[in-house]
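The values are calculated or read from the model by the stated rules, or taken from the named source; none is laboratory data. Fair warning: this is a prediction, and the values are worked out from it, not measured in the lab. Here the Cβ positions follow ideal geometry from the backbone for every residue, glycine too, while neighbour counts run over all protein chains shown.
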Amino acid sequence: MGEELPIRLVRSRRKTLAIEVYPGREVVVRAPARLPEREIRDFVARREAWIRTHWDKPCADRPAEYTKQQEMALRAAARDRLPDLVARYAGLLGVRPARLSITGARTRFGSCSSKGGIAFSFRLMAYPLPAIEYVVLHELAHLKQLNHSAAFYAILQQHMPDYRQRAALLRQQPASP
């Protein structure tokens, strides 16, 4: 790859290869534990143009970094606000999450496990309420459809007809905490 970029390989029990680009900082390649290194190098080489495009993105596109105090404020807001939102939307859907947790995830605002646990990044709290409500509904809908099928999106449409506009809010820069 032309100029060498800092690439970090992370092997795990996953089944697929993935690339995460943190502009100007590092490229993380996630790979199955036993995949031959040659296949990983070929995968990265085939995606070199895409990696470089994302590597050179301006700083404004990077996920926001927060001071310890800002992070604490966002985590407090998440602990205060999310349980009520989860309860409200879980009631609408007729589901019950096994557990709710607040994480420091940088690349996902929310996630849902196959065991029924849902998690939200504290970073979500820097976005407007309509966007937060969308992520809550999105993750809870996965308790009914653990995929992104037409049936999953039908659930979103039924309970939040403007979900696309709300999701678009997550592509904007977050507010300062």
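Tabulated data
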quantity	calculated
Residue among S113, S101 that is within 26 Å of A18 (Cβ to Cβ), at pLDDT 95 or above and out of contact with any Asp or Glu (no Cβ under 7 Å at 6 or more places or on another chain)	S101
The stretch 18-34 - residue that is surrounded by 16 or more Cβ atoms within 10 Å (Cβ to Cβ) and touching a residue at least 24 places away in the same chain (Cβ under 8 Å) and, of those, nearest to R106 (Cα to Cα)	Y22
Y89 vs. criteria of a type in the set (S, T, Y), modelled with pLDDT of 90 or more and under 30 Å from R166 (Cα atoms)	yes
Filter result for G110 (within 26 Å of M160 (Cα to Cα) and in the same structural domain as Y163 (by TED's automatic domain parsing))	yes
